[in-house]
Amino acid sequence: MKFKILLILFVFIVKGNAQVKNVMENESKIDSLISQMTIEEKVGQMTQIALQSFSIEGKNRVQTEPLHIDINKLRELILKYKVGSLLNTGQAANSLESWHEIITTIQDVATKESRLKIPILYGIDAIHGATYTLGSTLFPQGFTIAASRNRELVRKSAEITSLEMRASGIPWNFNPVLGLAREPYWPRFWETFGEDSYLTTEFAKEYVEGMQGDDLSNPTSGAACLKHYIGYSLPNNGLDRTPAWIPERVLRDLLLPPFAAGVKAGALTVMANSAEINGIPVHSDYNLLTKVLKEELGFSGFIVSDWMDVERLHTRDGISESPKEAVKLAVMAGIDMSMVPLNVDFAILLKELVEEGEVPESRIDDAVRRILRVKFALGLFNNPYPDKSLASKFASKESAEINKQAAGESITLLKNNNSILPLNGNTKILLTGPTANKMMYLNGGWSYVWQGNNEALYPKEKNTFYEALQVGFGKGNVKYVEGVGIDSVINIQDAVDAAKDSDVIIASLGEAPYCETPGNIFDLTLEEAQLKLVDELAKTGKPIILVLFEGRPRVISKIVDKVAAVVLGYLPGLEGGDATVDILLGKINPSGKLPFSYPKTVSGNTTYDYKPIEESEDNHYKPQWPFGHGLSYTSFEYNDLVVSNAQTINDEIHISVTIKNVGEVDGKESVELYVTDKFGSVSRPTRQLKGFDKVNLKPGEEKKVKFIITPENLSFYNRENKKVIEPGEFIFQINNLSKTISLK
Ligand code: BGC
């Protein structure tokens, strides 16, 4: 009851009156439904199964073939085991039509043949677009779009993703990833919005609002899933799904705010972290799942486990002696739905546990209520079928334009000696390197297949970087010699020979696509073969422009002084080749800023919000490029930093600054406000981002940019892990300007 009141209050504050009415109507329908449900039907709702378990092709699908449903298996899952949720792709992307058929078959069984006619909730990893629908718009990956510092672009990318997902008949997206990329080895670095808590918090809100829209029952709104709650991104050894040690203060100061913002924005679901924190697998952590997320943050949607992670409490973590005890532990900790996903053991064991009195039925009812809430909110009870009329908006020209803008505003110019860039359109180019001529290098994982590595599935009409260069500079001006593979030498000497006829060399280096554990690495240095290619080419004396397509910042300190310019493409998505070339040509003036610190060495990496103790001679922050770094083809001048006369820690602080474009060309710039809390009862970061705003200025134009700092922005957790704002001196810094004020 307490929860229902909280829920209504929350929806009222966030969404207003009409939604409150809907929520209240839904709650009474849910009550009535739950009162009719058997235990089997309840535990079935809490069970999620993968498509490969009920397709004819199973695990052996050839990626380019259409998928076929095994109707008997499907009926068994839904009618016998009462399964309420399904996920994934059956090994590869499906066409829009194929998805329509799959979803229609599934919903037919659920809503026409089952006793209570409860629709299935289908979920998918639409990480940077509707990943698993052929031809979908694939945006820059999270850590790329974060460089744009453009809230509107993040929101729009989520809106379009939602539309294309729903056009496929799928209403639930396992995204956004809200971990912080503070550990560059971690193979999911690129799925995040970067290392900073504030940046991630701001984008969490935009993404959830973009995905879920104003009205969740709208046919283009999808359910977001905040993941992976919490601490997954900070593995001690940098490898996927390995232990993290996270003190409560760090958890609350840095890791929790993005999730809190996502919950506040109305996110319907949360996925738990596969790994463990402080020796406790998160799937069994009552404190984090129930006390903090559900009770403290007031999260009223449901928590889904990650892939197989309930049974892994027994099979991997050894914290429960049997699979059954694992189910009990997870459900009692607060997991509402298990992504089992290859058998129905969870449902069978949970039913036994309820019958034996080991799991109270009230806990099951709570989980089912949360799940049904999401199904009602999404309008699935009114219409669970794909809205075929949305096909006309799928992968539209407008979406491609927004996608290109997103890539263009994200790609970051890190180095530009003697303004070698932009290049004249007649420049003769030798293009070399392994990442130049495949779409997979621009997109990374979660692209049509899990690992993103099936080139045949990418839309043929989109340009690789090489193809885009040919369009931009003319075929006759671009010669491509691969030189090396990702980690093998092919024909470096051919590249060296070809360099003689060129004005510049563009070396397109980086990483092959990967996702999750297959992306583990043990050395952050860029592969030897690629470094060697640059070494040899540097001897020709021709200027080298280094273009990097990579999912994490690979160390390039050995070659960085040998190149004239560095363009970081990150994983810029389907339009990334074209956008990179427009930057090289100066058709787009770069405005991306690093959302992480680019390391210079393979260890000892420090994030920009380091502590005073790290400022000493030996310990100081020494990245290759700092967080926030990014060059432009124009210059900006900052003036008139004004900080209002706030007196106490409870006052709002108004800040303004004037920025002027003092260069020759139009330019966009993210104005970034950093705050330093000079003295604290626990050591405070030397500075923290607390505001950013992107402006567009013509040459000679100036604008005043304003920020408001709230008491919340100055708060942190003290020695007792209590949230406080401590009086004292605060420094406000924008670019080269700063002001100090004292607050009582
Ligand atoms: C990943 C999740 C993903 C799930 C379903 C897991 O392996 O960790 O991020 O949502 O698979 O595909």
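The values are calculated or read from the model by the stated rules, or taken from the named source; none is laboratory data. It should be emphasised that the depicted structure is a prediction, and the values quoted were computed from it without experimental measurement. Glycine also receives a Cβ, built like all others from the backbone with ideal geometry; neighbour counts cover every protein chain displayed. In case anyone asks, the SASA skips ligands and DNA or RNA and just uses the protein heavy atoms, side chains included. Shrake-Rupley method; radii C 1.70, N 1.55, O 1.52, S 1.80 Å.
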Simple Cβ-charge dipole of segment 636-743, Lys/Arg +1 and Asp/Glu -1, about Cα centre, in debye nearest 20: 260 debye
Hits in segment 199-226: amide N under 20 Å from the 7 Å Cα→Cβ extension of residue 710, namely 199-210
Probe 1.4 Å, all protein chains in place: accessible area of residue 325 in Å², nearest 10? 70 Å²
What does the highest-first list of 576-585, 76-85 look like by mean Cβ count within 10 Å? 576-585, 76-85
Size of charge dipole - the chain - debye, nearest 20, with Cβ of Lys, Arg +1 and Asp, Glu -1, no other charges: 1000 debye
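Output the direction-averaged projected area (hull surface divided by four) of the convex hull of the alpha-carbon atoms of the chain, in nm².
Approximately 31.3 nm², given one-decimal rounding.
Given a cut-off of under 8 Å on Cα pairs at least six residues apart, what relative contact order in percent is computed for segment 636-743?
The value is 33 percent.
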Counting DSSP beta bridges in segment 397-599, what percent are antiparallel, to the nearest 5? 25 percent
Kirkwood-based shape ratio for segment 636-743, expressed as Rg/Rh from alpha carbons: 1.05
With a 1.4 Å probe and all protein chains kept in place, how do 143, 636 rank by accessible area, largest first? 636, 143
What percent antiparallel are the DSSP beta bridges of the chain, to the nearest 5? 55 percent
Lys/Arg +1, Asp/Glu -1 at C-beta; the chain dipole; positive extreme among 90, 736, 47: 736
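Which net charge results for the neighbourhood of residue 495, defined as the other residues with beta-carbon distances under 9 angstrom from its beta-carbon, given Lys and Arg at +1 and Asp and Glu at -1?
Neighbourhood net charge equals -4.
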With all pairs of different alpha carbon atoms counted, what Kirkwood hydrodynamic radius in Å does segment 273-375 show? 13.6 Å
Per residue, how large is the accessible surface of segment 490-565? Use a 1.4 angstrom probe and give square angstrom. 35 Å²
Using +1 on the beta carbon of Lys and Arg, -1 on that of Asp and Glu, and nothing else charged, what's the dipole of segment 397-599 about the Cα centre, debye to 20? 440 debye
Using amide H atoms built 1.01 Å from N in the peptide plane, name the residues 5+ places from residue 514, or on other chains, whose amide H lies under 5 Å from its own. 445
As a test of reading the structure, rank 332, 211 by solvent-accessible area (1.4 Å probe, protein chains only), most first. 332, 211
By the scheme Lys and Arg +1, Asp and Glu -1, what is the net charge of all other residues having a beta-carbon under 12 Å from that of residue 680? +1
With the charge dipole of segment 636-743 built from beta-carbon charges (+1 for Lys and Arg, -1 for Asp and Glu) about the Cα centre, the Cα from 675, 715, 662 projecting farthest to the positive end belongs to 715
Rounded to the nearest 10 Å², what accessible area does residue 726 show when all protein chains are kept and the probe is 1.4 Å? 40 Å²
Contact order relative to length for segment 397-599, counting C-alpha pairs under 8 Å separated by 6 or more residues, stands in percent at 35 percent
Could you tell me the center-to-center distance, by alpha carbons, between segment 482-517 and segment 283-315 in angstrom? 45 Å
What number comes out for the charge environment of residue 148, summing +1 per Lys or Arg and -1 per Asp or Glu over other residues with Cβ under 10 Å away? +3
Could the peptides 341-353, 56-68, 646-658 be put in order, highest first, of the mean number of other beta-carbon atoms found within 10 Å of their residues? 341-353, 646-658, 56-68
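Which shape class, rounded, prolate or oblate, goes with segment 54-94 when its Cα gyration tensor gives a ≥ b ≥ c as root eigenvalues, a/c under 1.5 marks rounded, and past that a/b bigger than b/c marks prolate?
Prolate, because a/c is 1.5 or more and a/b exceeds b/c.
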Listed residues 217, 136 arranged by accessible area, highest first, probe 1.4 Å: 217, 136
Residues whose built amide H sits under 5 Å from the amide H of residue 673, excluding neighbours closer than 5 in sequence, are 690, 691, 692
Round to a whole angstrom and tell me the spacing of the C-alpha centers of segment 216-254 and segment 56-106. 29 Å
Computed ³J(HN,Hα) along segment 157-171: with the Karplus parameters 6.51/-1.76/1.60, θ = phi - 60°, integer Hz and x for glycine or proline, the list is 4, 5, 4, 5, 4, 4, 4, 6, 5, 5, 4, 7, x, 10, x
On full extension of the chain, what length is gained from residue 286 through residue 600, given 0.36 nm per residue of separation minus the C-alpha to C-alpha distance? 109.1 nm
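Can you flag which of 622/723; 558/678; 428/587; 622/744; 227/694 are past 29 Å Cα-Cα?
Too far apart for the 29 Å limit: 622/723; 558/678; 622/744.
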3J(HN,Hα) from dihedral phi, segment 364-380, Karplus parametrisation 6.51/-1.76/1.60, rounded to Hz, x for glycine, proline: 5, 4, 5, 4, 5, 4, 5, 5, 5, 3, 5, 5, 5, 4, 7, x, 5
Among 198, 228, 162, the residue whose Cα sits farthest towards the positive end of the charge dipole of segment 133-231, when +1 is placed on the Cβ of each Lys and Arg and -1 on the Cβ of each Asp and Glu, is 228
Gyration tensor over alpha-carbon atoms, segment 462-601, equivalent ellipsoid semi-axes in Å: 22, 20, 15
Heavy atoms of the protein only, probe of 1.4 Å, neighbouring chains included. What is the accessible area of residue 715 in Å², nearest 10? 20 Å²
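Report in % the part of the accessible area of the chain that belongs to carbon and sulfur, leaving out ligands and nucleic acids; probe 1.4 Å.
Numbers: 13520 of 27230 Å².
Carbon and sulfur: 50 percent of the exposed surface of the chain.
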